[in-house]
Each structure stands twice: as C-alpha cells, then as structure tokens.
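K.L.:
Let me give you the structure first, and then I'll get to my questions.
The values are calculated or read from the model by the stated rules, or taken from the named source; none is laboratory data. Predicted model, so just to flag it, every value in this text is computed and none were measured. All Cβ positions, even for glycine, are placed from backbone atoms using ideal geometry, and neighbour counts span all protein chains on display.
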Amino acid sequence: MFYFSRGEQVALALLIVALVGAAGAMWWASRAGEPSEPFFVDAPAPDSGEMVTVHVCGEVAKAGLYTIAAGSRIHQVIELAGGATERADLGAINLAREVVNGQQVYVPAIRPAASSPDAAQSSPPPASSSAPRKIGINGAGAEELERLPGIGPTYARRIVEFRERLRAETGQGFTRIEQLMEVPGIGPKRFADIKDRVTL
C-alpha cells in the first residue's frame with residue numbers, strides 16, 4: 001500500500017485534472033473538423049421551365065393565344081404578339097405587370113382627339129375639374145376598369161371578355177352603357193354605382 005503526504009496528494013489531484021482537461025480538449029478538437037448540421041436549409045428553386053398561356057388582343061399586330069415563360073411581363077407578351085400598333089394606348093396598361101396563366105391582355109386604342117369628326121359621338125361631355133374622369137368601356141383595359149367602384153379584377157375581366165364577344169358577334173362593342181348589366185355578376189345595383197363613371 002502506498003502512502004502519500006498531503007503535498008503529494010494535492011500534486012496527484014492536479015495531475016489528474018490536467019489529464020482529464022487535455023483529453024477533453026483533444027476530443028473537442030477532433031469534433032471541430034466535422035461538418036455541422038445547418039440551421040437553415042434553402043428551399044428548392046422553382047421550376048424555371050414552367051409556361052403560361054395568355055390571350056393577347058386589341059391593338060397588337062397579331063392577336064391570339066401565346067405561350068410564354070411564367071414570370072414574364074406584359075410588355076414581353078405584347079412583343080410576342082408582334083408589338084403594339086400605332087393606335088395603341090400603352091399608357092393605359094401596366095407593362096411591368098407579370099402575366100398569369102389564362103390571362104387576357106387587352107391593348108386599348110388611343111381615344112380620338114376632341115377635334116376629330118368622330119370625337120363628337122364618342123367623347124363624353126366636358127366635366128368639371130373636380131369630377132372624376134369617365135372611363136370608356138369600349139376602350140379601357142381591365143386595369144383601368146378596376147378603378148370603378150365595386151369592380152375588382154374578376155368583374156373587370158368579365159367586362160372586357162363580354163365586350164370582345166360583342167365585337168365578334170356584331171362588329172362593335174357596347175352600344176349602350178346599360179349593356180353592362182348583361183355582364184355576369186353586374187346587376188342593377190352594381191350598375192347604379194358605376195353608371196355615372198362610365199361612357200362608351
């Protein structure tokens with residue numbers, strides 16, 4: 001049996017602590033080189049090959065259905081349709097807006113100037129500067145129609161589609177603003193809210 005003095009016991013305890021500390025440090029160093037699990041994982045990128053189909057009509061060179069990459073802008077699909085005509089009012093639509101599948105992109109024509117012979121029939125009477133400008137339902141795009149009270153994207157799109165169907169069947173668009181009540185979802189009450197804000 002070994003007997004140690006008090007000083008030897010203290011030295012032995014310190015030696016044991018030092019050995020344990022060294023072993024722990026070596027273990028931690030060996031773990032430091034291993035790759036750690038990331039806290040955040042990036043979501044997979046969306047499929048860049050997705051395509052959407054858009055109906056382009058109005059004042060474009062070649063109206064029709066066009067397929068374009070998802071995330072494209074309205075100005076790109078207009079270029080795909082041969083570009084806008086000289087009569088196109090591109091300021092009436094948002095060219096930077098993204099297109100969505102099944103969307104109709106309608107490019108309206110510039111309304112005739114007040115001095116032209118046709119203007120007397122198509123232009124609304126002068127309004128006071130405080131009154132809101134009336135929207136021509138035969139030339140406005142869906143985004144412009146959304147400015148009408150109670151007309152959101154769905155109703156605006158229905159108005160444009162109904163107008164294009166009238167043009168295909170009769171050769172002209174709306175002939176009376178009351179025809180708006182024939183658009184699905186626009187009854188007498190909704191028409192009463194917008195009749196003073198629209199013109200042909």
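K.L.:
Output the residue which, of all residues in segment 149-191 that are among the aliphatic types (A, V, I, L, M) and at pLDDT 85 or above, is farthest from ASN94 (Cα to Cα).
P.N.:
Within segment 149-191, the subset among the aliphatic types (A, V, I, L, M) is 151, 156, 159-160, 166, 168, 177, 180-181, 183, 186.
Now narrow it down to the ones that are at pLDDT 85 or above: 156, 159-160.
Details: ALA156: 15, ILE159: 18, VAL160: 16 Å.
Filtering first and then ranking leaves ILE159.
K.L.:
Name every residue in segment 144-171 that is of a type outside the set (D, E, K, R), surrounded by fewer than 18 Cβ atoms within 10 Å (Cβ to Cβ) and in contact (Cβ under 8 Å) with a residue 12 or more places away in the chain, in order of residue number.
P.N.:
Step one: of segment 144-171, the residues of a type outside the set (D, E, K, R) are 145, 148-156, 159-160, 162, 166, 168, 170-171.
After this cut, where a residue has to be surrounded by fewer than 18 Cβ atoms within 10 Å (Cβ to Cβ) as well, the list is 149-150, 152-154, 166, 168, 170-171.
Listed by number, the residues that qualify are PRO149, GLY150, THR154, LEU166.
K.L.:
How do the pairs read when you match residues in segment 178-200 that are assigned by TED's automatic domain parsing to the domain that holds ALA156 with residues anywhere that are among the basic types (Lys, Arg) and modelled with pLDDT of 85 or more, using Cβ under 7 Å and keeping only pairs 6 or more apart or on different chains?
P.N.:
From segment 178-200, the pairs are VAL183/ARG158; PRO184/ARG158; GLY185/ARG158.
Residues are listed down the side, and each one gets a yes or a no for (1) among the aliphatic types (A, V, I, L, M); (2) crowded, with 19+ Cβ neighbours inside 10 Å; (3) at pLDDT 90 or above:
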site: GLU79; (1), (2), (3): no, no, yes
site: GLY82; (1), (2), (3): no, no, yes
site: THR85; (1), (2), (3): no, no, yes
site: VAL107; (1), (2), (3): yes, yes, yes
site: PRO117; (1), (2), (3): no, no, no
site: SER128; (1), (2), (3): no, no, no
